[in-house]
Amino acid sequence: MDRIPILKLGEALLVTIQVDMHDQLASALEEDLTAKIVSARARGVLIDISALEIVDSFIGRMLDNIAAVSRILDADTVVVGMRPAVAITLVELGLSLNGVKTALDVERGMAMIRSHAYLNSDDDDDAGD
């Protein structure tokens, strides 16, 4: 079975979805990403969907699930590269993607993750005082 690569960039994980997702691939991505968040102690997950021309309700639910799991594991999820037509489709499908932050590109998405990780690391420092 194919797998979607997960790259570690500092305190973040980068996932670039460039293929059509199906149930098995989405499940494998969720499992792989969950394990990688824990093993890498990641503070953020950046998902690049710029290669996708169409995002249906299945992909929307998958992004929602990934964000929920990431949040439980103390990692922010940022989706980047969303095309305007994709955003319109998600709204028309009634998918609000709770807990998923969005940015126009990878650079802005990484800045959001770094900002969140920095703010949370200050909280962690205060916890020991």
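The values are calculated or read from the model by the stated rules, or taken from the named source; none is laboratory data. The model shown is predicted, which means the values in this text are computed figures rather than measured ones. As a convention, Cβ positions derive from the backbone with ideal geometry for all residues, glycine included, and neighbour counts pool all protein chains shown.
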Listed residues Ile37, Ile47; which is free of Cβ contacts under 8 Å to residues at least 40 places away in the same chain, within 22 Å of Leu9 (Cα to Cα), out of contact with any Pro (no Cβ under 8 Å at 6 or more places or on another chain) and part of a helix (DSSP H, G or I)? Ile37
For Arg108, indicate whether it is assigned to a helix (DSSP H, G or I), in contact (Cβ under 8 Å) with a residue 60 or more places away in the chain and among the basic types (Lys, Arg). no
Scan the range 19-28 and give yes if some residue there is within 20 Å of Asp105 (Cβ to Cβ) and surrounded by 13 or more Cβ atoms within 10 Å (Cβ to Cβ), otherwise no. no
Is there any pair linking a residue in the range 1-20 that is assigned to a loop (DSSP other than H, G, I, E, B) to one that is loosely packed, with under 14 Cβ neighbours inside 10 Å and of a type in the set (Asp, Glu), with Cβ under 8 Å and at least six apart or on different chains, and which? Val19/Asp2
How many residues of the range 97-129 are hydroxyl-bearing (Ser, Thr, Tyr) and at pLDDT below 80? The answer is 2
Mind listing just one residue for me: the one in the range 29-53 that is of a type in the set (Ser, Thr, Tyr) and over 18 Å from Glu107 (Cα atoms) and, of those, surrounded by the fewest Cβ atoms within 10 Å (Cβ to Cβ)? Ser39
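Being of a type in the set (Gly, Ala, Ser) and either surrounded by fewer than 15 Cβ atoms within 10 Å (Cβ to Cβ) or over 13 Å from Val106 (Cα atoms) (or both) is true for just one of Gly81, Gly60. Which residue is that?
The unique qualifying residue is Gly60.
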